[in-house]
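The values are calculated or read from the model by the stated rules, or taken from the named source; none is laboratory data. Every value quoted in this text rests on a predicted model; they were computed, and no experiment measured them. FYI the Cβ positions are ideal-geometry reconstructions off the backbone, even for glycines, and counts take in every protein chain you see. Each accessible area value is taken on the protein alone, full model and side chains, heavy atoms only, with ligands, DNA and RNA left out. Shrake-Rupley method; radii C 1.70, N 1.55, O 1.52, S 1.80 Å.
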Amino acid sequence: MVHVIDAHHFGGQQVVTIDHPLSITTGPDNILFVATADHSLHILDIATGELVKPPFSTVDAAVSICYSQYGDYVAALEAKEARNSPDFSYIRVYRHWSQQERAQPMRARIAARVTPPSSGADPTLEMIEVPINEHATAIACCQRTGNLAVACGSLVTVHQFVLKTHDISKFQFGDLEEVVQLELPFEVTELALCEELLLCAGADRLQLLRLRAETAAGASGSERPRTEEPAEEDGEEDLEEDDDLQMMTWDPALPAARLTLPALHRPLPTATDAGPAPRLLVPAGRPQISAESLLYWREPDGESLVGGALCLTPFYQRTETGLTNGQRESGAAGGLHSAERGLLSAVSVFFSSSHEGRLYLVAPLRPADDPPAYAALVGSHSYTSPLLLAAREAHMLHAVTHTGLESYTVRDTRRLSRLERPTEPCPDPTEAGFLLGIRPFVNVTHMCVGDGVLVLAASGPEDSDSATLYLLRLPLPEELYAECARLGGTHGHHAPAMCQALLEEAHMVLRPAVRWQLGRSPSDRLITEYNSSAANVGYYLLRSSSEQDWPRAAPWLQLAAATVEDVLTQCAEAPGLESYLSSALSATDGPPLSYQTANQALSVLSFRAPDALAGVLLAAGPLVEFRAEPPLEALEQLLEETELSEPAAQAARLAALLLVARTGGGTAERRAPLLEPLSEEALPAGCPHLLVAEGGGRRRLTELAELLADGRPDLLAAGLAALAAAGRPPLAELTGLLLEAADTSDRRAALRYELLLRDVLERHLQAGGRPQRAGQAVTLLVRMYLGGTVGAFPPAGAAPATGPVLERHRLGALYGPRAAWLNLVPPFAGRAPAQILADMEADPRLVDLVMLQSLLCSDLPSAEDRRHIREFLSAHPSAVGHDALLALCSELADAAALLAEKYPEAALEHAKERCRSPSDWRTAVQALSDAQQSAEPDGGQQGALAALLDHLASTVPPEQLRLVLAERADQHGAALLRCHNVQRADVVRAEIMRMA
């Protein structure tokens, strides 16, 4: 199926009469070469048909010619009629053809065998004959490498064009050296060559081969060429032309205007799919060459391929500096690659029977083969009548049929766009193409395209030897785009699908010229039209009545670099405007909007889609300066009048609070209904900009964070802890921000941020993190916890009844495991764990005490922090947990003495946890012994001392126990005796185990 639209109009034409042409081809700088039967090669201006230079003579009649840009030569397949023997053909290459008017005799030599004479430095017309042993049937040359391919029946030989230096005169001259010979399973009648890709076509089949230079050549004295045996040919099955098209399926889960293309990601084709491998013969002294078959096609029985319709179109990527035209290194990649090979993205292959043409895209063509290249069918073409000839532009296919000249759009550029840039908008490559123009021409025998001109050669009457050249100036991509866009506009309301298809087609006409087309860089006008074409598609989608089209507009507008102001101007009443604004104002990579544009955009959303305001305002988008009151009123009205889902309501309240903060904080009556229902889930974890702002090379807390610090510190603490866990910003920087905010003369504000930092650190540690910048943070924590033990601060984590409260009383081991002996010292002495938790819930001072005890049981506090605690306790003897804290901050001797005197059971557990060396144990034993002498008989010191000695006798070797007891050995001899008995028992037990 194809759409027929009259949009392709030639800009002009020239008609030239010439002797019967045998072959035509385009050359450099608007040159057209025409070979005629009188052994002449005419050099014409392709635009006017006038002679640019006098014609020069070929040795025989050139039945096929081609021109190579690299090497600047014309290659000719020449046929010679013989009276007494079969006709034979020759391959001859003509260099310095532009110097032929100097009237000097043409120099002749044989390629790779004869060098020019030493006087050959002066360029004159030169004929280089390429030796062949069979009748030649086709030739082709590569524009970028200068290599030449010659087909002689089923044998195809590739010759490398090389620049050599003359041994005597030291001037450079061009030559052709054989690289590889391939033997195919069919007679080759047509060739195409691009870089290392060789396309061979016969009467009913076609094969695309990729040649590779494997390793260095073998010994130079080798007489026999290396060969590679062909694969078995049985099992040549015809490919189903619709397989790839059927595999292109729309995936609605993907972003707008994107398709899944499994045909480009299939496993490697099997030998049957790729066709039989050719037999290779590599000359001695050359790098080893291998051939990979990328595409193989065979027509059904009775069908044949049309000669003169074979097209191999390369797509080279543009770069900022353009394509390089430097010389390639001699022998690089076996002479198969040009200097621009790294820019080759893909090639397109077109071939056709008389009724149906097939277009394949071979990609990606990276030199490293990662990922490997595949051939995928991207379209098929049918014609109004049987095909005769075809030629290809980057964006158009021109076909000569019995009806006349037909011009079609192609689909390979769409597939290539999606392969290279999957997220970029691109029309569906499976959609029907367009027949943009039909012109009547008859008796056309030759066809070529180049330099913006389509050349047709039509034969005259049967009794005439003359022919007519039609030089048709093709419309520029900008002109064809303008006509397609104009026609699309005329279909706007009565045929919206056709309008969209034409607008997308108009854009794809320009894309090859901007992205891949060889030649000079695209003009400013072309770039402007390209952006305008993408914008037109986006504007159309926004104006569409179908809601499904609206999300697809944003990628097109982004490709066009259209601003929000442009969209507001062009689509003020478009149904999809609010959809676009929601997307554009939430994007994080766009430039900031002006004050006027931001207000206009927010006004549209406030009036048409107030439910989208929250997402826009909470995103780190381009909204910087704008009036906050109108969207704030719209959000408040939305919350009052609309029943929203809980997540939507939370987002709307937070966005309203953000606007309230921008207006200076508002009144308590305005803040209360927004603050109280908020939950911790209201702060999106991926939006650190809501709480921490950056500017001037430093970070600071936002107005919203300051508002939450005053009204919902628990919510702010949860949000900041989540940011610290994600490293946005890191905890060290966040600690610095809160310490800086707490460094103020306003004591109330300082206290607010100190408590906030405490809650943030506790939440961060609860989530498994570790504090950074521990010095400042721990000092502040110590000060906060000490104040809490005397009731100086309100309960931490206080929040309205509807909000979550951090259960700080359950974080007893937050910094480090609390020592067991702490539960034997007031205020927790004699209390069960469940009773301790109940006491902590009832008395906030106990929470701070437990947190401080956990902190002191870790290695975080410094010696200065512990000294500060001792000073505080000496000034506040009534502080809750006074003795436990003093023991935690004192040296071992002081702590042991304090506990032995007042809490002997705690002294025993304290010794078990803190003592590690004989001197430590001696200190603990001495403290309990001294306390026993001065204490009451029932004070518990005697039992504690006995228990300690029993513990030592069971765990410490006799030698160390003697050091521990020292001068008290006689006083505690029973303990020493028990220690010996325990050691003997251990020895006996070990011996029994050894013997067993």
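Structure data summary
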{"read-out": "Loop-located trypsin sites (Lys or Arg not before Pro) in segment 427-524 whose Cβ has at most 11 other Cβ within 10 Å (DSSP)", "value": "Arg520"}
{"read-out": "Accessible surface, per residue, of segment 1-121 when the full set of protein chains is kept, probe 1.4 Å, Å²", "value": "49"}
{"read-out": "Rounded accessible area of Tyr90 (nearest 10 Å², 1.4 Å probe)", "value": "60"}
{"read-out": "Solvent-accessible area of Leu892 with every protein chain in place, 1.4 Å probe, in Å² to the nearest 10", "value": "30"}
{"read-out": "Exposure rank, largest accessible area first [Ser934, Ser464; 1.4 Å]", "value": "Ser934, Ser464"}
{"read-out": "Fully extended contour minus Cα-Cα distance, from Asp524 to Lys170, at 0.36 nm per residue", "value": "123.0 nm"}
{"read-out": "Area accessible to solvent at Arg421, 1.4 Å probe radius, in Å²", "value": "110"}
{"read-out": "Accessible-area ranking of Lys80, Lys164, largest first, probe 1.4 Å", "value": "Lys80, Lys164"}
{"read-out": "Rounded percent of accessible protein surface that carbon and sulfur make up, segment 400-460, 1.4 Å probe", "value": "51"}
{"read-out": "Apportionment of accessible area to carbon and sulfur, segment 18-175, percent (1.4 Å)", "value": "48"}
{"read-out": "Karplus-derived HN-Hα couplings along segment 196-208 (A = 6.51, B = -1.76, C = 1.60, θ = phi - 60°), whole Hz, x at Gly and Pro", "value": "8, 9, 10, 10, 10, 10, x, 5, 9, 8, 8, 8, 9"}
{"read-out": "Part-to-part distance (alpha-carbon centres) for segment 33-82 and segment 132-175, which is given in Å", "value": "17"}
{"read-out": "Shape of segment 582-630, Cα gyration tensor, a/c cut at 1.5", "value": "oblate"}
{"read-out": "Cα-derived Rg to Rh of segment 30-90, Kirkwood definition", "value": "1.05"}
{"read-out": "Heavy-atom accessible area ranking, 1.4 Å probe, most first, across Asp950, Asp865, Asp204", "value": "Asp950, Asp204, Asp865"}
